Every structure is written in structure tokens, then in C-alpha cells.
Amino acid sequence: MTVPLVVGNWKMNGKQAESAVLARAIVSQLETKPSNVEIAIAPPFTALPVVGMELRNSPVKLAAQNCHWEPSGAFTGEVSAPMLSEIGCQYVILGHSERRHIFHERDEMIARKISSVTAQSMRAILCVGETLDQRHGDKTVEIVTAQLDNALKGLAKGVIADLEIAYEPVWAIGTGQHATPEQVSQVHECIREYLRTGFGAVSGNAVRLLYGGSVKPENAESLAKIDQVNGFLVGGASLQAEPFLAIADAFNEN
Ligand code: PGA
């Protein structure tokens, strides 16, 4: 059975001390109410070491929000996959829409990042999703398929085993407006079919598909019930332990 994965993306929030407090709260609340859900948290780079310390001896995994595709070199301001692996990251979020839209990351860069992350034995969380204009133009499936094609086409087939895919409609991120269960279901079914066709039924079925975009305790249960939803990528609601764990709990109830 697929173990659901719920990832907290803290984005650019949290200095070291407050990040440690939040991580500690998550760990201690989980101790009182163990979960069958795999949980990971992605603090900003500067808080990764302190959060990593808090997560030692806990089931909660450490994740990063981005990385460069080269292991080292003249790339001012960047952080590489070996650096993240060295401090204990097990997941790296790649191709988040804020990276794509604000920092102009292209699919080819994201493809190279996936290779660099998996080469370090970390797992990549590849984010895809359409803008509101694209949705209104009936282009959702086309856009998501192109993002998957471009990010995955040059990679070794086996890389799919080290990957999660997060469907995050851009218009739902940080807006309070989550996609409806029907919309989520439709896109997740398409992604699943894409993976089965391209990588075979066994490998394609094994990839966890996360939904992200204004997931809250109030909507988590209906989203978690969707057949092809195997987890969540949570932004705003992951900045407090209680709502974040309530969201993860939606999978325990299913
Ligand atoms: P949100 O962010 O939950 O605040 O909408 C989700 C994300 O950006 O991954």
C-alpha cells in the first residue's frame, strides 16, 4: 500500500530559533498521536541544520525547497544537492511555481536538478501546474503534460522511482482558493496515465502524486479521499504544527 506523504513548505519564513520551535512542536505533537503518514518539512536553507537537529530520532524527514543542478562551482547565491545531502535532507522540492514564475526557472533546469538530487540518493518532489489563464483556455492537461515531458524526458527511466510529483495549480497557491476535488481528480488521473504509459504500470503506479494549493484542515479530508491523491504539499497551513498535522491526519482517517 502507498504510504501518503505530506510535506510542509515553509517558503521564506522562519529564522533559526522560530524554525526550531516549530519543528519541535511538530515532533512532539506527533509523539502523542502517531501517524501512518510520512511527514517532511522544508524550512529555508539557513534553518535546515537546526531543524535537522530537532528531527533527529523522529520520523519526520528534512526537505529543501530548491537546489542548483551542479555539485559545485561559480554559481553565486546557489546551494547544491551534495550540500543538502550532507546536512541530512532526504527530499528536495523542485520546480515550484514560485521558482518558475518569479525566478524564471525553465523545465530544462528542473530536469537537471532532478538528476543532481537523485544522484545524491535524495528524493525529488517535482511540482507542475497551470496558471489561471491556461486553465480558462482549457490548456491544463497540455501544460502539465509538457512540464512532465520536459522535466523527465532526458532522465534515466529508473529516476521515476526517486520522484514524487506535486500538482499545484498556480491559481490555488496562497490564494485560499483550492482546486475542487473534481479538478484535482481529473489532473491526477491524467498524470497517473502519463506515468503508466511512459514508465510502465508498476513504476507508474508507484509514484506518489501530491496535491498542493491552499490545503487547509477544512478541505484536507475531501481532497485526501480522491483516488489518485497520495499526499499534500502544504504552504501557509504548515507554519503551525496543529493545522499541519490535522491536514496529515486526513489520510489516517481514510
Ligand atoms: P499554499 O502553498 O498551501 O500556501 O497554497 C502551497 C505551496 O506553495 O506549495
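How high is the relative contact order of the chain, in percent, with contacts defined as C-alpha pairs under 8 Å that are six or more residues apart?
Reported relative contact order: 21 percent.
Would you please give the residues with an amide H less than 5 Å from that of residue 212, counting only those at least 5 places away or on a separate chain, with H modeled from the backbone geometry?
The answer is 167, 168, 233.
Round to a whole number: what % of the accessible area of region 100-254 belongs to carbon and sulfur, probe 1.4 Å?
51 percent
Using a 1.4 angstrom probe on heavy atoms only, work out the carbon and sulfur share of the accessible area of region 47-99 in %.
Reported share for carbon and sulfur atoms: 53 percent.
Could you work out [θ]222 nm for the chain from helices alone, using -39500 (n - 2.57) per DSSP H run of at least four and dividing by all its residues? Round to the nearest 500 deg cm²/dmol.
-13000 deg cm²/dmol
Only four residue types carry charge here, +1 at the Cβ of Lys and Arg and -1 at the Cβ of Asp and Glu. Report the dipole size of the chain about the Cα centre in Debye, rounded to the nearest 20.
My answer is approximately 440 debye.
Peptides 49-56, 176-183, 230-237: what's the order by average Cβ count within 10 Å, highest mean first?
Descending packing order for the listed peptides: 230-237, 49-56, 176-183.
Measure up 113/139; 61/225; 11/225; 15/61; 157/216; 15/157 against 30 Å on the Cα-Cα distance and list the ones that go over.
Among 113/139; 61/225; 11/225; 15/61; 157/216; 15/157, the Cα-Cα distance tops 30 Å for 157/216; 15/157.
Given points 7 Å out from each Cα along the Cα-Cβ axis, report the residue 136 to residue 202 separation in nanometres with one decimal.
It works out to 4.7 nm between the two label points.
What whole number of Å gives the distance from the Cα centroid of region 177-219 to the Cα centroid of region 69-101?
One Cα centre to the other: 25 Å.
Leaving out ligands and nucleic acids, and using a 1.4 Å probe, what accessible area per residue does the chain come to in Å²?
Here the per-residue accessible area is 46 Å².
Have a look at 239, 200, 220 and report the one farthest towards the positive end of the charge dipole of region 199-254, computed about the Cα centre with Cβ charges (Lys/Arg +1, Asp/Glu -1).
200
If you keep only loop residues by DSSP, which trypsin sites (Lys or Arg not before Pro) in region 99-195 have at most 15 other Cβ atoms within 10 Å of their Cβ?
When the trypsin sites (Lys or Arg not before Pro) of region 99-195 are filtered for loop state and at most 15 Cβ neighbours within 10 Å, 106, 139, 153 remain.
The values are calculated or read from the model by the stated rules, or taken from the named source; none is laboratory data. All values reported here derive from a predicted model rather than from experimental measurement. Cβ: placed from backbone, ideal geometry, glycine included. Neighbour counts: every protein chain shown. The area values use the complete protein model at the heavy-atom level, side chains included, leaving out ligands, DNA and RNA. Shrake-Rupley method; radii C 1.70, N 1.55, O 1.52, S 1.80 Å.
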